Amino acid sequence: METASTPTHCPYCALQCGMNITPLPRGGVEVSERPDFPVNRGALCGKGRTAAQVLSPAARLTTPLVRSGGRLVEAGWEEALDRIAGALSSVRAHSGPDALGVFGGGGLTNEKAYALGKFARVALGTSQIDYNGRFCMSSAAAAGTRAFGLDRGLPFPLEDIPRTGCVILVGSNLAETMPPSLRFFTELRENGGTLIVVDPRRTRTADQADLHLAPRPGTDLALALGLLHLVIAEGRTDEEYIRERTTGWEEARAAAMAHWPEYVERITGVSVPLLRQAVRMFCEPESAMVLTARGPEQQSKGTDTVGAWIDLCLATGRAGRPLSGYGCLTGQGNGQGGREHGQKADQLPGYRKLDDPAARRHVAGVWGVDPDSLPGPGRSAYELLDALGTDIRALLLMGSNPVVSAPRAAHVEERLRSLDFLAVADVVLSETAELADVVLPVTQWAEETGTTTSLEGRVLLRRQAVAPPPGVRSDLYVLHELAARLGVEKGFPTDPEAVFAELRRASAGGPADYSGITYRRLAEEDGVFWPCPAPVPAEGDGGDGEDALFDVEPDAPDRDGGAAPAAPAVHPGTPRLFLDRFATPDGRARFAAATHRATAEEPDAEYPLLLTTGRVVSQYQSGAQTRRVAELNAAAPGPFVELHPRLAARLGAAEGDPLAVVSRRGRAVAPARITDSIRPDTVFMPFHWPGEGRANTLTNPALDPVSRMPEFKSCAVRVEKVRRPAGHG
Ligand SMILES: Nc1nc2c(c(=O)[nH]1)N[C@H]1C(S)=C(S)[C@@H](COP(=O)(O)OP(=O)(O)OC[C@H]3O[C@@H](n4cnc5c(=O)[nH]c(N)nc54)[C@H](O)[C@@H]3O)O[C@H]1N2
Ligand SMILES: Nc1nc2c(c(=O)[nH]1)N[C@H]1C(S)=C(S)[C@@H](COP(=O)(O)OP(=O)(O)OC[C@H]3O[C@@H](n4cnc5c(=O)[nH]c(N)nc54)[C@H](O)[C@@H]3O)O[C@H]1N2
Ligand code: SF4
Ligand SMILES: [Mo]
């Protein structure tokens with residue numbers, strides 16, 4: 001029993017690779033291949049392979065910490081929880097419930113995200129909750145909802161990719177950010193399909209492409225419109241599809257016609273012949289896909305940019321058809337589920353809207369509260385962080401490290417310091433936890449059970465494989481205890497399966513309907529794709545029929561058999577969306593019809609270059625977890641500034657020389673990494689590190705007007721050589 005291995009999933013990215021965890025007889029844990037899980041078939045990247053090292057008590061927090069005399073000192077759980085509840089109560093009594101803020105994360109399980117949203121609205125009564133997913137895929141979510149009436153990152157499973165004709169991958173470096181997924185694109189090319197990569201850098205992903213387009217950062221909107229212009233000019237639109245399945249074509253057509261190829265070449269730097277080649281590759285096969293990631297999304301016009309790429313799909317009949325469609329490659333472990341169940345400022349569980357009276361009634365019914373007691377929509381993530389210490393006096397933070405990951409991070413850090421009270425629940429002492437008044441050490445992935453929803457919309461069961469170290473409690477326990485101390489004794493169970501049962505009821509009938517999914521099913525299947533409604537109860541099955549409805553389990557495995565089942569049929573889940581109709585009221589997809597506009601901060605004489613930011617394969621996000629793994633630090637020890645040899649020559653900089661990158665927000669210093677794989681007008685920094693080389697010291701918090709996504713992917717900078725005292729590096 002002791003050495004039995006447990007199948008579970010990786011704690012990090014949205015691919016949610018399957019892995020086996022085996023506790024070792026002498027302590028510690030082994031991560032091994034789990035070839036039966038179809039998404040990664042046993043393959044793991046270095047982060048997944050080493051994930052168990054962060055379970056070690058040496059790497060993480062095992063005792064609550066409270067601030068005393070300016071320092072964080074060890075404390076018991078009772079004292080720590082009492083302090084938090086006391087501070088939240090007193091701020092609420094003085095300044096009202098909206099002076100309390102809550103900040104969540106897309107790495108939290110569905111159960112935690114659901115409980116956190118409920119905690120904010122029911123136990124605190126505040127509208128001021130949002131989460132780091134706002135920094136991630138929110139522009140794609142907004143564009144997808146606008147176009148299709150529903151946001152599920154990928155409307156088809158990854159296994160469809162090898163069989164389509166062409167994929168345009170816009171601003172994704174998946175060879176580094178989701179390495180095992182590269183296989184699907186390799187198979188695509190082996191099958192005769194083609195891959196186009198759009199990225200200002202010739203990344204490891206672009207190296208795999210048949211065609212690499214390298215636009216200037218922040219110009220993907222113009223690029224998409226230029227391609228659509230050529231589609232129209234070359235007579236490649238699908239008129240029948242446009243007529244039968246879309247609305248708004250005339251406006252979209254007019255918008256694209258205003259973006260001449262030569263004009264687009266001037267904006268993007270991508271030549272007209274390359275634009276024509278891309279159009280041919282995309283339009284000639286019978287099926288094709290466009291996939292976006294953070295490149296085009298993390299822009300102050302991310303929603304319109306994604307909208308324009310969707311327009312390209314709609315004009316060519318490449319959405320809601322087999323092997324064709326638009327998808328967003330969601331990033332965090334539960335980036336998909338985390339945006340569905342209520343930790344977002346404007347949202348209720350099941351992807352319902354907080355300002356929809358019917359949604360409020362339904363969810364209030366499940367929660368046993370008066371619908372009028374639910375607060376309205378709150379602020380978006382950056383706006384919330386910006387309001388700390390002014391309108392918002394106390395913050396509870398769970399699952400994010402904004403001191404490293406938020407835009408204009410020095411300002412955000414200063415806002416966090418100006419709070420009356422900050423509580424952080426984390427597995428490690430992150431840079432944000434270091435600023436807290438109380439830090440709670442919580443359990444993580446392999447130590448607890450819960451569900452995540454992968455980038456495919458596949459709901460998965462992450463099973464507990466090992467016992468947590470003594471002294472560590474779960475996030476659900478934290479919320480339960482705090483709610484009780486705030487006078488809400490019921491409604492915050494600590495058992496994840498009980499939370500999931502409630503989540504199913506709260507999501508029933510909503511866009512992201514999980515009501516037909518059970519832990520038992522998830523344990524038996526390779527996950528279940530939402531929507532998955534519970535079977536409709538038989539006529540006359542009223543009264544307390546609801547429990548029966550939610551206890552239905554899958555019946556005999558012979559689902560294809562002819563015999564009619566006695567019990568209501570179990571819903572199989574929905575791997576592929578939109579094949580018959582889109583989720584809009586009239587069933588038609590809506591064109592976005594956007595027009596190109598500049599980034600919020602264009603280069604000028606003082607700041608003549610563009611900075612873009614992103615990731616490297618061996619570090620994850622703010623690095624809070626992966627910077628604690630020696631093997632990963634050896635592979636990716638610190639920040640760097642990637643720049644073109646021509647720019648380096650102009651600065652007189654050699655490989656490894658410290659460079660200062662300066663923007664209107666601040667200054668960061670990191671060694672030069674010289675490569676001709678980047679545009680000469682652009683520099684790149686990864687954002688995984690705090691301190692002197694923190695990329696987010698520089699970034700611009702200009703927000704997209706719809707999604708409120710900050711412009712992480714472009715701001716104006718100048719680069720200077722740093723003269724260090726002799727003998728220094
Ligand atoms: N190793 C690793 N893997 C991760 C993560 C991690 O931190 N580390 N994080 C996970 C998460 S949460 C996410 S969101 C995903 C992100 O996954 P990706 O989106 O693949 O990651 P990024 O490196 O942020 O950005 C992708 C590419 O966008 C390019 N880019 C920059 N500006 C532009 C632009 O204006 N237009 C276009 N078209 N491209 C541009 C960058 O050069 C970069 O190569 O990765 C997930 N996986
Ligand atoms: N410049 C720049 N900045 C960026 C981006 C970029 O491309 N460029 N990308 C943005 C994107 S896409 C994202 S997703 C964000 C991510 O940035 P962050 O939100 O900072 O993400 P993480 O570093 O994953 O932080 C998660 C924290 O929660 C902790 N944690 C992990 N699991 C649990 C749990 O179960 N419970 C609790 N309580 N804590 C847990 C981890 O230890 C860690 O401290 O960064 C954004 N910032
Ligand atoms: S690709 Fe993502 S899910 Fe898979 S092992 Fe690496 S970090 Fe984990
Ligand atoms: Mo993300």
task = Holding the Cα-Cα limit at 30 Å, pick out from 344/490; 47/721; 47/713 the pairs that are longer than that.
result = 47/721
task = Set the Förster distance to 25 Å, then compute FRET efficiency between residue 630 and residue 62 from the Cβ-Cβ distance, nearest 0.05.
result = 0.80
ask   = Shape of the stretch 633-702 from its Cα gyration tensor (a ≥ b ≥ c, root eigenvalues): rounded if a/c is under 1.5, otherwise prolate when a/b > b/c, or oblate?
value = oblate
query = With point charges of +1 on the Cβ of Lys and Arg and -1 on the Cβ of Asp and Glu, referenced to the Cα centre of the chain, which listed residue (494, 39, 104) lies farthest in the positive direction of the dipole?
reply = 104
query = What is the distance, in nm, between label points placed 7 Å from the Cα along the Cα-to-Cβ direction at residue 675 and at residue 204?
reply = 1.0
task = Enumerate the residues in the stretch 694-715 having an amide nitrogen under 17 Å from the point lying 7 Å beyond the Cα of residue 604 toward its Cβ.
result = 700-702, 715
message = Skipping prolines and chain starts, which residues have an amide H placed within reach, meaning under 5 Å, of the one on residue 332, given they are 5 or more residues away or on another chain?
response = 14
query = Based solely on its DSSP helices, what 222 nm [θ] is calculated for the chain when runs of n ≥ 4 H residues each add -39,500 (n - 2.57) and the sum is averaged over all residues, nearest 500 deg cm²/dmol?
reply = -8000 deg cm²/dmol
inquiry  = Give me the one-decimal nm value for the distance between modelled label points at residue 5 and residue 484, 7 Å along each residue's Cα-to-Cβ direction.
reply    = 3.9
key: In Hz, Karplus ³J(HN,Hα) per residue of the stretch 609-616 (6.51, -1.76, 1.60; θ = phi - 60°; x = Gly, Pro)   = 10, 9, 9, 10, 9, x, 10, 10
ask   = For the peptides 641-653, 130-142, what is the packing order when you average, over each peptide's residues, the other Cβ atoms within 10 Å and list the highest mean first?
value = 130-142, 641-653
remark   = Measuring from its Cα centre, the chain shows a charge dipole (+1 at each Lys and Arg Cβ, -1 at each Asp and Glu Cβ) which, in debye to the nearest 20, is 2100
task = Could you give the size of the charge dipole of the stretch 609-721 about its Cα centre, using +1 on the Cβ of each K and R and -1 on the Cβ of each D and E, expressed in debye and rounded to the nearest 20?
result = 260
task = Evaluate E = 1/(1 + (r/R0)^6) for residue 467 and residue 71, where r is the Cβ-Cβ distance and R0 equals 25 Å; express this FRET efficiency to the nearest 0.05.
result = 0.25
key: Listed peptides 72-82, 113-123, 297-307 by packing density, highest first (mean Cβ within 10 Å)   = 297-307, 113-123, 72-82
task = Can you grab the distance from the C-alpha centre of the stretch 244-315 to the C-alpha centre of the stretch 569-623, Å, no decimals?
result = 13
inquiry  = I need the shape label for the stretch 396-469. Rule: rounded when a/c is under 1.5, else prolate if a/b > b/c, else oblate, with a, b, c from the alpha carbon gyration tensor.
reply    = oblate
ask   = Given that compact globular proteins tend to follow 2.2 N^0.38 Å, what is the ratio of the alpha-carbon Rg of the chain to that value?
value = 0.93
remark   = Given the candidates 633, 170, 132, the one whose Cα lies deepest towards the positive end of the charge dipole of the chain, counting +1 at each Lys or Arg C-beta and -1 at each Asp or Glu C-beta, is 633
task = Could you work out how far the C-alpha centroid of the stretch 48-87 sits from that of the stretch 475-505, in angstrom?
result = 21
ask   = Remind me, relative contact order of the chain in percent, using alpha carbon pairs under 8 angstrom and six or more residues apart?
value = 19
query = Where in the stretch 285-308 does the label zone of residue 233 land, with the point 7 angstrom along Cα→C-beta and an amide N cut-off under 17 Å?
reply = none
task = Provide the percentage of antiparallel DSSP beta bridges, counting only those with both residues in the stretch 138-329; round to the nearest 5.
result = 5
query = How large is the dipole of the stretch 6-58 about the Cα centre if only Lys and Arg carry +1 and Asp and Glu carry -1, each at its Cβ, rounded to the nearest 20 debye?
reply = 100
Under the Debye formula (equal points on every Cα, no solvent term), log10 I(q)/I(0) of the stretch 579-729 at q = 0.16 Å⁻¹ = -0.90
remark   = Note: probe point = Cα of residue 93 + 7 Å toward Cβ; backbone nitrogen < 13 Å; residues of the stretch 386-422 passing the test are none
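Readers should treat all values here as calculations from the given coordinates under stated rules, not as data from a laboratory. Note that the structure is predicted; figures quoted are calculated from it, not measured. Note that we place each Cβ from the backbone using ideal geometry, even for glycine, and neighbour counts take in every protein chain shown.
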